[in-house]
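None of the figures in this text is laboratory data; all of them are computed from the coordinates on show. What you see is a predicted model; the values in this text were computed from it and never measured. Ideal geometry is used to build each Cβ from the backbone, glycine not excepted, and the neighbour counts take in all protein chains shown.
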Amino acid sequence: MTDEHEFVDPISGKTMTVVFGPEPLSPYDGKHGVRHDGCDRLADVSPELDAWYCTACQASGRISGAWFMDMWMTRGALHPP
Ligand SMILES: [Zn+2]
């Protein structure tokens, strides 16, 4: 199943949505990330940089990395290396 969580991008002031796709989750697998205008790909999130970036359309913005990781761990899907 897919989880969606809204947040406000502090740069654009827009309400954005983080999407967590079906299990298993792994970083940069294209199944989770930030949905953004005019693009059908989910942008990668770099929690350590408080940023998101889309490799397909080069859109980028800001997101709380701590909040993102909270959402991730709430799913019970965090697998430490
Ligand atoms: Zn994009």
Q: Using per-residue counts of other Cβ atoms within 10 Å, averaged over each peptide, order 60-69, 6-15 from highest down.
A: 60-69, 6-15
**Q.** Estimated Rh, the chain: Kirkwood, alpha-carbon pairs, angstrom
**A.** 12.6
(Q) Nearest 10 degrees is fine. How inclined is helix 65-74 to the longest principal axis of the chain, computing both from alpha carbons? (A) 40
Q: For ILE63, list long-range residues whose amide hydrogen, built 1.01 Å from N in the peptide plane, is under 5 Å from its own amide hydrogen.
A: ALA51, TRP52
Q | Ellipticity estimate at 222 nm from DSSP helix runs (n ≥ 4, -39,500 (n - 2.57)) divided over the chain, nearest 500 | A | -3500 deg cm²/dmol
Q.
Could you check the spin-label model distance between SER60 and ARG75? Points 7 Å from the Cα along Cα→Cβ, value in nm.
A. 2.4
Q | Percent RCO, i.e. relative contact order, over the chain, from Cα pairs under 8 Å lying at least 6 residues apart | A | 21
